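Worksheet: the structure to be examined is printed underneath.
The values are calculated or read from the model by the stated rules, or taken from the named source; none is laboratory data. A quick note: this is a predicted structure, and the numbers were derived from the prediction, not measured. Note that each Cβ is placed from the backbone with ideal geometry, even for glycine, and that neighbours are counted across all protein chains shown.
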Amino acid sequence: MVLIDSIKKSFNCVIENPSITLFLVLFLIGSNLLASCVLTAKTRLIAQILILSLFALMFVFFSGWLKVIKESTDREKIKEKNFYSLFLEGIGENIVPVSIAIILYTICVFLVMLLAQFIALKKFGDINFFMDAIAKLTQENGNLAQYFNGLDDNQKYIIYGWNICIMLSLMAFNFISLFYFPAVFYNDKKIFLRPLAAIWDSLKFLFKNFFPAIALSVFIYALNMILAFLNAQFAQNVILSVLLLLVYIYFISYIVMLIFNYYEAKNNCINRADSIGENEALDTVSEEN
């Protein structure tokens, strides 16, 4: 089964290529430093410049890192390549389409959140009382759990309803956009058209492989829930918390690698008549004849 093979292959790819996680660690360090500087900026202008710098760092990183991820799907060829030159090559090739793709993705997330809030407001009611209380508790260093326990059943119902509505909306969006970034890297359209063409490519791929995509999503969420549970259990232990942070970094790398591996494997599966690999094989036979 392609999905099972991709799960095994992705694990080996991440373990064999430590540069994949190293790039991610460096990005997380740099982005956290910039984010902390934004929070402590003395003027609005400096804060805006730092925010733009943070987005620029994000564009540069994902342009290079996802190129490394894509090339790492071929475990034999990647051994002959230099990861750092490959990362820089990815920046030059993909900075424009990846930047557009991230902007489009961010806009879609924002719209999904607005839609979820609209539905929650109509279905469950206004939650401003809770947001105002959080702001007040934050300023006064109050106890959120104690405040929540003091709410009546109707107020708790509103809070739970909003949480469920937003969570389900984001889960649905994440599922629909599961293969968007692989589609950006695997389509051969012109630079400015790649992010737009990837929308159709990813949706088409998703519905052609609907049930395996559901299984893949369930697998990802299950692993994430396990890590979240362990993090909650060992939050007070500094050593275990650091180890879990490293595991989570590997987890992120593994999940991105898994999505790319599955997308590449299904597009090149020789058992499918409409696959890239099948078409190439047919072309070769035709040329020989």
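Observations on the model:
- Within the stretch 177-289, helices (runs of 4 or more DSSP H) holding 3 or more residues that are modelled with pLDDT of 95 or more: 180-186, 194-208, 210-233, 238-267
- Every condition in (1) in contact with a helix residue (DSSP H, G or I) (Cβ under 7 Å, 6 or more places away or on another chain); (2) touching a residue at least 60 places away in the same chain (Cβ under 8 Å); (3) surrounded by 14 or more Cβ atoms within 10 Å (Cβ to Cβ) holds for M58 except the one numbered (2).
- When the stretch 235-267 is filtered for residues that are over 17 Å from the mean Cα position of the chain (by Cα) and closer than 15 Å to I20 by Cβ, only L246 remains.
- Checking K77 against (1) of a type outside the set (S, T, Y); (2) over 20 Å from D188 (Cβ atoms); (3) more than 25 Å from the chain's Cα centre (by Cα), the condition it does not meet: (2)
- The one condition in (1) part of a helix (DSSP H, G or I); (2) over 17 Å from the mean Cα position of the chain (by Cα) that I107 fails to fulfil: (2)
- Output for the stretch 191-207, where each listed residue is under 15 Å from F175 (Cβ atoms) and touching a residue at least 12 places away in the same chain (Cβ under 8 Å): I199, S202, L203, F205, L206
- Residue match in the stretch 178-193 (condition: small (G, A, S) and surrounded by fewer than 18 Cβ atoms within 10 Å (Cβ to Cβ)): no
- Considering residues of the stretch 80-96 that are surrounded by 17 or more Cβ atoms within 10 Å (Cβ to Cβ) and modelled with pLDDT of 90 or more only, the residue nearest to L22 (Cα to Cα): F87
- Search result, residues across the stretch 38-79 that are in a loop (DSSP other than H, G, I, E, B) and under 16 Å from I20 (Cβ atoms): T73, D74, K79
- Subset of the stretch 110-147 [modelled with pLDDT under 90, over 16 Å from N163 (Cβ atoms) and under 30 Å from the mean Cα position of the chain (by Cα)]: A135, T138
- Test result for S99, among the small types (G, A, S), surrounded by 15 or more Cβ atoms within 10 Å (Cβ to Cβ) and modelled with pLDDT of 90 or more: yes
- Scanning the stretch 222-236 for residues that are under 22 Å from F175 (Cβ atoms) and touching a residue at least 12 places away in the same chain (Cβ under 8 Å) returns L223, N224, L227.
Each row is one residue, and each column tells you yes or no for (1) among the small types (G, A, S); (2) within 22 Å of V98 (Cβ to Cβ).
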{"residue": "A198", "(1), (2)": "yes, yes"}
{"residue": "D201", "(1), (2)": "no, yes"}
{"residue": "I214", "(1), (2)": "no, no"}
{"residue": "V218", "(1), (2)": "no, no"}
{"residue": "L223", "(1), (2)": "no, no"}
{"residue": "A228", "(1), (2)": "yes, no"}
{"residue": "L245", "(1), (2)": "no, no"}
{"residue": "I252", "(1), (2)": "no, yes"}
{"residue": "V256", "(1), (2)": "no, yes"}
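- Out of L28, L45, sole residue that is farther than 19 Å from K190 by Cα and either buried (at least 17 other Cβ atoms within 10 Å of the Cβ) or without any contact (Cβ under 8 Å) to a residue 40 or more places away in the chain (or both): L45
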